[in-house]
Every structure is written in structure tokens, then in C-alpha cells.
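Undergrad: One structure follows; several queries about it will come next.
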Amino acid sequence: QVQFVESGGGLVQPGGSLRLSCTAAVSASIFRRNTMAWYRQAPGKQRDLVATISSGDYTNYVDSVKGRFAISRDNAQKSVYLHMNSLKPDDTGVYYCSIYGSGSWGQGTQVAVSS
């Protein structure tokens, strides 16, 4: 099972920014050819997809974060990032990265947006 290590979460005021990072414990070739994704699990809710980035750097976002979040990847570092701007209280939750559709998860990183 693939392991992911997420970091970069924290407490931020509404309107603030955070940059989440994730490193995958897989070979570079596996990382490079797979779509990577960020998911979010809000308190008391299921884990939902937030953003994806394909092997060709094509990105896709859930409507609620379009224009505010940006996903990127560094294949050499086997890492994926989520740049979050104009944060809202509804963005609060535990953020996980994964190979899209793999069902493997790390420990996640907590994001709290509150004044």
C-alpha cells in the first residue's frame, strides 16, 4: 500500500493562505504516470475530492475552490502541492493527498479557518 506524508496545515484567518505539501513513497515512474489528487474531510462529513492533476499537468477542481486553490506537482520530488488562497471557514478539514482512485491514504494535515 502506498504511503503519503502530508504537511503544511494549520490555523489561519478567513482570507488567508496556506500551502500544503505531500510526498508519496512510490517509485518516480509510478508517481510520474499517475493522476494525483487532494481530498478534504470536513468535521463529521465524508472525505471529498478537492482537486486533481494528471500526468500531463491537466488540473481539475471542485466548484467551491475554483479560482482560489491551485494544485501542482514535482515529479522529481514525488510531491504534490495545494496552494490555497482566500480561505473560508468552509475549507476547514483534514486534507489528504493520494494517487487518484488508489484508496491509499496518509495521516492527512489539519486545516482550520477561523477568526
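The values are calculated or read from the model by the stated rules, or taken from the named source; none is laboratory data. This one's a predicted model, so the numbers in the text were calculated from it and none came from an experiment. Positions of Cβ are generated from backbone atoms using ideal geometry, with glycine treated the same way; all protein chains shown enter the neighbour counts. Only protein heavy atoms, including side chains, enter the accessible area calculation; ligands, DNA and RNA are left aside. Shrake-Rupley method; radii C 1.70, N 1.55, O 1.52, S 1.80 Å.
Undergrad: Within segment 85-103, is there a residue that is touching a helix residue (DSSP H, G or I) at 6+ places or on another chain (Cβ under 8 Å) and open to solvent by less than 10 Å² (accessible area, probe 1.4 Å)?
TA: Yes: one or more hits.
Undergrad: Name the strands (runs of 3 or more DSSP E) wholly inside segment 1-60 in which the number of residues that are closer than 20 Å to residue 88 by Cβ and open to solvent by 40 Å² or more (accessible area, probe 1.4 Å) is 3 or more.
TA: Ranges flagged: 47-53.
Listed here are the residues, each with its yes/no results for (1) touching a Lys or Arg at 6+ places or on another chain (Cβ under 8 Å); (2) closer than 11 Å to residue 97 by Cα; (3) not hydrophobic (A, V, I, L, M, F, W, C).
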{"position": "5", "(1), (2), (3)": "no, yes, no"}
{"position": "50", "(1), (2), (3)": "yes, yes, no"}
{"position": "54", "(1), (2), (3)": "no, no, yes"}
{"position": "60", "(1), (2), (3)": "no, no, yes"}
{"position": "70", "(1), (2), (3)": "no, no, no"}
{"position": "77", "(1), (2), (3)": "no, no, yes"}
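Undergrad: In addition: Looking only at segment 63-115, count how many residues are in a strand (DSSP E or B) and not acidic (Asp, Glu).
TA: Number of matching residues: 23.
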